[in-house]
Amino acid sequence: MNSTTPTTPTTPTDPVAEGDDETKAAENTTEKVVADAAVTDAVAEGAAPRLDKTDRDLDQDLDADQDLDADLDPDDDESHKESSGLGTAAAAVVSVGLGIVSLSGAWSGRVAAERETLIGQFKTSSGATAAQQISEIYGDAWHATALVNGLFGLLALLVGVYVLVRPAFGAPSAIPQPGWIRAVAKGGIALGALGVLIAVCMYFDLIVALPTAPATAG
C-alpha cells in the first residue's frame, strides 16, 4: 500500500508588469514635489502678513514712544508755568513792599523835599513875606514828599491788580493760582490804596494845613 504525500496548494499571484514600480515611484515623487511646493507657498503667504504685522507693531511702538517722550518732555511748558507762578508771587510781594514804602516814606521823597526846600530858600533870599517863605520852603517840600509817596502807592496798587487779573489773560492754566499769592496781592492793593489816599490828602493840605505866619503888630 503506497502512501501519498499531500502537497500544499499555492495561491497564484498576479503577474507584475515590467515598469509598474517605476511608474509608482514617479507618481510618489510628483506628489511629494507638489506637496512641498504647496507648503512653501503657504509659508510664504503666511510670512508676509506676519512681517507686515511686525512692521505695524514696530511703527506703533515708535509712535507710542514718541507720544510718551512728548508727554514726559514738557520741560518748556513746566518751566514756563513755574516761571509764571514765581513771577506772580514775586509781584505780589513787591506790591506789599511798595505799599509799605508809600506809607512810611522813601529816601527819594526826602531828597525831593530837600531840593524844594533849597529852591525855596533861593527864591526868598532877596526878601519875601513870611507867607511866601512858608509856601516856598515848607509847603513845596511837603507837597513833593506827598507826591513821591503817592507814586509808590499807585505802583503798589497797579502791581497788586495785575497779580489778581493775570490768570484771566493768556492760556488757561491747569493749576489754579495759590491762595496765598492772591492774599498777598490783596494786601498790596489795600496798602497802595491807603498810601494814595494819604498822599492826596497831604498834597492838597486836607490832613494838616500849612502853618500861617502871625500877624505883625502895626
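The values are calculated or read from the model by the stated rules, or taken from the named source; none is laboratory data. The shown structure was predicted, so the numbers you read here are calculated from the model rather than taken from an experiment. Heads up, the Cβs are rebuilt from the backbone with ideal geometry, glycines too, and the neighbour counts pull from every protein chain shown. To get the accessible areas, we keep the full protein, side chains included, count just its heavy atoms, and leave off ligands, DNA and RNA. Shrake-Rupley method; radii C 1.70, N 1.55, O 1.52, S 1.80 Å.
Under unit Cβ charges (Lys, Arg +1; Asp, Glu -1), what dipole magnitude, rounded to 20 debye, does the range 92-191 have relative to its Cα centre?
Working: 6 positive and 4 negative charges, 82 e Å.
In debye, rounded to 20, the range 92-191 gives about 400.
Per residue of the range 184-199, what does 6.51 cos²θ - 1.76 cosθ + 1.60 with θ = phi - 60° give for ³J(HN,Hα)? Whole Hz please, x for Gly and Pro, Karplus curve as stated.
3J(HN,Hα) across the range 184-199, in whole Hz: 5, 4, 5, x, x, 5, 5, 5, x, 5, 5, x, 5, 4, 5, 5.
With every protein chain present, what accessible area does Arg166 have (1.4 Å probe, heavy atoms only), rounded to the nearest 10 Å²?
Using a 1.4 Å probe on the heavy atoms, I get roughly 70 Å².
Along the positive direction of the dipole of the range 94-170 (beta-carbon charges: Lys, Arg +1; Asp, Glu -1; about the Cα centre), which of Ala106, Ala128, Gly160 reaches farthest?
Gly160
When Lys and Arg each count +1 and Asp and Glu each count -1, what net charge do the other residues less than 12 Å away from Leu118, Cβ to Cβ, add up to? List each step's numbers first, then the result.
Working: positive: Arg115, Lys123; negative: Glu114, Glu116, Glu136, Asp140.
With Lys, Arg at +1 and Asp, Glu at -1, the net is -2.
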